[in-house]
Amino acid sequence: MNTPVVLSHYEVRPLVEAHQAGREQAETSPDLGLTRVTVTLTPEGAHFPQGLLLRWEEARTILEHPNLCYRLTPEGIEPLQAFSEITRRVVQLYPTGTAPTVLLSGIAMHRVQDTDPWRDTQEKIRAARPRGRVLDTCMGLGYTAIQAARQAEWVLTVELDPAVLKLARANPWSRPLFTATNIARVLGDVYDLVRGFPDATFHVVIHDPPLFSLAGELYGRDFYRELERVLKPGGRLFHYVGSPDTKMGRNLTRGVVARLQEAGFRRVKRVPRAFGVVAVKG
Ligand SMILES: C[S@@+](CC[C@H](N)C(=O)[O-])C[C@H]1O[C@@H](n2cnc3c(N)ncnc32)[C@H](O)[C@@H]1O
């Protein structure tokens, strides 16, 4: 077996339909939309060129669970989900037809309405303007780190939850996180870790935290002071905040802007396209 095969209902449905139509071959993606292959269909199942067989009963299981991605192994299919000791909830890789997201306590880690996780990340990166050394505070599936690393010299990305790291390892869209030579990954709590970084280390900080209700301390003045301290003079912060159009989102953004200013940031501006705020170290 070469590269692993990762599938969701988006990739499996065309195979089942082609088989039902009596065809002996069909095209699909073996990696959640990144590449395409031709698959041979037999009464037993769908044979991938990677040497793996998806049995028809397994294909039905995948179609019955549209909120999950599965890894195909020589032993059969494995759902890409894990129990998080941190949140005491199951985290799962959630398919979108393109780059997947993670459902964390049932909440998607990226925007999926009217966009997809990869395009959502492109908006964040456009607002952050990565260059030089970048701190990506909350790794998740690593999309911000991966896209930042295409423009920056070096990216340090931090993730608290080993269960999320496990999903990132299994996600084809997260592969550059583990292969790019200018991305360093750390498993730990960025709230504590940042205190150990020297002053003026980073040109850019990308701060894409979980919801305020799940990680309030990452929206606090003390943490913002640390982010300001580790930025170089003139360095830029992008802070994802979420829903600029709801009353709750507007209130949260107002609080974030005020606390960033109190923490010493200047030119604090809302960026509604990226659902966040940018700020500069004075
Ligand atoms: C919104 S997601 C980040 C998405 C990410 N930027 C991406 O491109 O996929 C937030 C992530 O922060 C992680 N997290 C939560 N608290 C953290 C902390 N204190 N330190 C580091 N990571 C944390 C969560 O486990 C989750 O994976």
Looking at the stretch 95-117, which of the residues that are within 12 Å of the ligand (Cβ to nearest atom) and closer than 19 Å to His9 by Cα is surrounded by the most Cβ atoms within 10 Å (Cβ to Cβ)? Pro100
Residue check: is Ile62 of a type in the set (A, V, I, L, M), touching a residue at least 24 places away in the same chain (Cβ under 8 Å) and assigned to a strand (DSSP E or B)? no
Any residue that is buried (at least 19 other Cβ atoms within 10 Å of the Cβ) and closer than 27 Å to Arg150 by Cα - is there at least one of those in the stretch 176-188? yes
Only one of Arg119, Arg126, Arg71 is among the basic types (Lys, Arg) and in a strand (DSSP E or B), namely Arg71
Pairs where the first residue, in the stretch 233-250, is assigned by TED's automatic domain parsing to the domain that holds Thr201 and part of a strand (DSSP E or B) and the second is aromatic (Phe, Trp, Tyr) and within 14 Å of the ligand (Cβ to nearest atom), C-beta under 8 Å, 6+ apart: Tyr240/Phe275
So is Ile146 β-branched (Val, Ile, Thr) and either closer than 16 Å to Leu237 by Cβ or out of contact with any Phe, Trp or Tyr (no Cβ under 9 Å at 6 or more places or on another chain) (or both) or not? no
Scan the stretch 255-271 and give yes if some residue there is surrounded by fewer than 21 Cβ atoms within 10 Å (Cβ to Cβ), in a helix (DSSP H, G or I) and either within 16 Å of the ligand (Cβ to nearest atom) or modelled with pLDDT under 95 (or both), otherwise no. no
Qualifying positions in the stretch 7-59 - in a strand (DSSP E or B) and among the charged types (D, E, K, R): Glu27, Asp31, Arg55
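The values are calculated or read from the model by the stated rules, or taken from the named source; none is laboratory data. Values in this document were obtained by computation on a predicted structure and should not be read as measured data. Here the Cβ is made from the backbone with ideal geometry for all residues, glycine too, and neighbour counts use every protein chain on show.
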